[in-house]
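Data block below; observations after.
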Amino acid sequence: MQKEYTKVEERYEALTQSLKGRVSLDSDYKEKVRKLGAELKSITECLSTVDCKGGSLEEKIGNLLEERIQLVDAEKKLKVEIERLMAEKENQAFDLTMTTEKLSELKQEYNTLAASLNKLEKERNDKDAELNVLRTEMMKINDENKNKDEIINLLKAKHGTSTVDLTQNEQ
């Protein structure tokens, strides 16, 4: 009895697996049918949007092909315009690079000129200081000369009177 039970159980398992496989196949089939139905519905909707009044299908196809050609031409024109814009962008990038380099050179020149100007200002300040020292010395010399002139004038005045005294004494 146990053997029969085991055989029945094995047979039951085999049938269960077979049914699962069929259900799986059936599910796959149903899924494919559903997808085909959806595609058919999509195509039907697409065809329903095409105005088929007053013309043959060949005319409509011809018109669609003509539209496609126009779209391809427009696409080519857009590609040419994009290429032109890309070339212009590259030129602008090059110009920007050149401008940046020129700006860098000008900044370097500015820094050099600023350093030269600072050096010249320092030299001018040094010369101004020297000039002030020389002016002070000149003022001292002028003062000394004035004092000497006063002494000479005093001596002349004394000498002139003593000369007059001497000449009067001699007479």
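Computed from the coordinates by the stated procedures, all read-outs in this text should not be read as laboratory data. These figures come from a predicted structure and were not determined experimentally. For neighbour counting, all protein chains shown are included, and Cβ atoms are generated from backbone atoms with ideal geometry for every residue, glycine included.
Shown is the FRET efficiency for residue 32 and residue 4, computed with R0 = 41 Å from the Cβ-Cβ distance and rounded to the nearest 0.05: 0.50. The convex hull defined by the C-alpha atoms of the stretch 86-157 has an orientation-averaged projected area of 6.2 nm². Relative to its residue count, the stretch 50-170 spans a Cα convex hull of 198 Å³ per residue. Note on the stretch 61-103: Kirkwood radius taken over Cα pairs, Stokes-Einstein applied at 20 °C and 1.002 mPa s, translational D equal to 169 µm² s⁻¹.
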